[in-house]
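Novice: Below you'll find the structure I mean.
Where a number appears in this text, it was derived from the coordinates with a stated rule and is not lab data. Here the structure is a predicted model, which means the values were calculated and not measured. FYI the Cβ positions are ideal-geometry reconstructions off the backbone, even for glycines, and counts take in every protein chain you see.
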Amino acid sequence: MARWEQRPTGSNWGEFGPDDQLGRVNLIGEEQVLKGAREIRAGKTFCLSLPLDLPGGNVLNPRRHPPRLSPTRLQDTPYVNFPLRMLNPDAVDVLSDDQVLLSMQYSTQWDSLAHVGALFDADGDGRAELCYYNGYRAGIDVIGPKDATHAGCGCDGDGPSAALKLGVENMAVKGMQGRGVLVDLARHFGTGRTLIGAKELRQALAADGIEVERGDMLVLRTGFAEAVVDMAGQPDADVLHGYGAALDGTDAELLQWISDSGIAALCADNYAVEAYPARERQGPRAMLPLHHHCLFKLGLPLAELWYLKDLAEWLHANGRHRFMLTAPPLRLPHAIGSPVTPIATV
Ligand code: UVW
């Protein structure tokens, strides 16, 4: 039975079943994997991840910090270059082992469907509740208990997200492997700030003769991640905040294009896929309208800060736009986002 009496206008809640946790990722089926595989003709691979310690600092988002690696500890001893003769006098082995404190969405990443919800009257009783895709409520599976096994490890041990059913592990199990289609917005619009609405996106697709089909993962290059790399760990927020093309989440026609296109995921090399802050509007509204449309209404995952330069240049030089994309997030139960090392094969 559906978790809602009324669903948001323009949403697809219920269309993949009342208990669906994958949204548009359902569209990546066997046929999509085979379509992706048919794009492998040169046998070349491209890593689409930044080094995960970039951008550097926390100027893009003050909540998110660079990863902090440290050795695990055996009693009080750091387990790095650890001689096993400490445990057995005959042992010649030396072992190292580490752990990381990681903001899951710091660098190259996926946003799961648990990332953005909204206040919405799903019961139709006149009271808005905190809802996520397909009507999953935040109030049902709230914060887990403090976990004693984390005592002293340095995390705050507050437990996982409120939208437990929509964690990123669902995408990991599905695999996130299929056909990617790259649109090189940087090539068309340069690296000054351009808002990309339906008109601009259609213009770029037509100029390159690109057809996007149901189940494709759409990948947008804006040049942002390349600027991040050039800044070598010292990001200049003033430059980056207005850098390159960004989707205009306030353009209703663009949102409709996304709904109609059947794409299964929307990936970009910039900070939020869409321009943030969004264009000013009045009245009750989503501050992140593209996130609201994709994650909350359609169950369409977003990906950010992918590194696309080498792939984009190779595809352009070879008159191509499509490739096999393999991008599973971590299978970390209840995580909201995940670092990812996407691989394109051509
Ligand atoms: C913003 O924070 C603006 O976007 P995201 O959380 O998806 O990175």
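Novice: What order do you get for S70, S107, S49 when you list them from fewest to most C-beta neighbours inside 10 Å? Before the final figure, lay out the partial values.
Specialist: Numbers: S70 12, S107 27, S49 19.
Arranged by neighbour count, lowest to highest, S70, S107, S49 become S70, S49, S107.
Novice: Same structure again: What's the extension gain from V94 to V59 if we count 0.36 nm per residue and subtract their Cα-Cα distance? Don't skip to the answer; put the middle values down first.
Specialist: Working: separation 35, 0.36 × 35 = 12.60 nm, distance 3.90 nm.
Computed gain between V94 and V59 is 8.7 nm.
Novice: Around Y106, with a cut-off of 9 angstrom between Cβ atoms, what is the net charge of the other residues, counting Lys and Arg +1 and Asp and Glu -1? Walk me through the numbers before you get to the answer.
Specialist: Values: positive: R64; negative: D53.
Result for the local shell: 0.
Novice: Let me have the relative contact order for the chain, percent, based on Cα pairs under 8 Å that are six or more residues apart. Could you put the intermediate results ahead of the total?
Specialist: Working: 779 pairs, mean separation 101.3, N = 346.
Rounded, it is 29 percent for the chain.
Novice: Could you tell me which of the pairs K174/K199; K199/K297; K44/K165 are separated by over 30 angstrom between their Cα atoms in the structure shown?
Specialist: On the way: K174/K199 33 Å; K199/K297 22 Å; K44/K165 37 Å.
In this structure, K174/K199; K44/K165 exceed 30 Å between Cα atoms.
Novice: Something else about it: If each DSSP helix of 4+ residues adds -39,500 (n - 2.57) and the sum is divided by the residues in the chain, what number results at 222 nm, nearest 500 deg cm²/dmol? Walk me through the numbers on the way to the answer.
Specialist: Numbers: 8 runs with 60 residues, N = 346.
Calculated from helices alone, the mean residue ellipticity at 222 nm is -4500 deg cm²/dmol.
Novice: Just going by the charge dipole of the chain, with Lys and Arg at +1 and Asp and Glu at -1 on Cβ, which of Q282, S112, V25 is farthest out on the positive end?
Specialist: V25
Novice: How much of the DSSP bridge set in the chain is antiparallel, in percent, rounded to the nearest 5? Before the final figure, lay out each step's value.
Specialist: Details: 30 of 45 bridges.
Around 65 percent antiparallel, to the nearest 5.
Novice: Modelled label-to-label distance, D310 and N81, 7 Å Cα→beta-carbon offset: nm?
Specialist: Using points 7 Å along Cα→Cβ, the separation is 3.1 nm.
Novice: Which log10 I(q)/I(0) values, to two decimals, does the chain give at q = 0.12, 0.15 Å⁻¹ under the Debye formula with one point per Cα?
Specialist: For the chain at q = 0.12, 0.15 Å⁻¹, log10 I(q)/I(0) is -0.89, -1.32.
Novice: Right, another one. Need the C-alpha centroid separation for segment 261-287 versus segment 1-54, integer Å.
Specialist: 18 Å
Novice: Can you give me the distance in nm between label points at R38 and A206, each placed 7 Å from the Cα along the Cα-to-Cβ direction?
Specialist: Simple spin-label model gives 2.7 nm for this pair.
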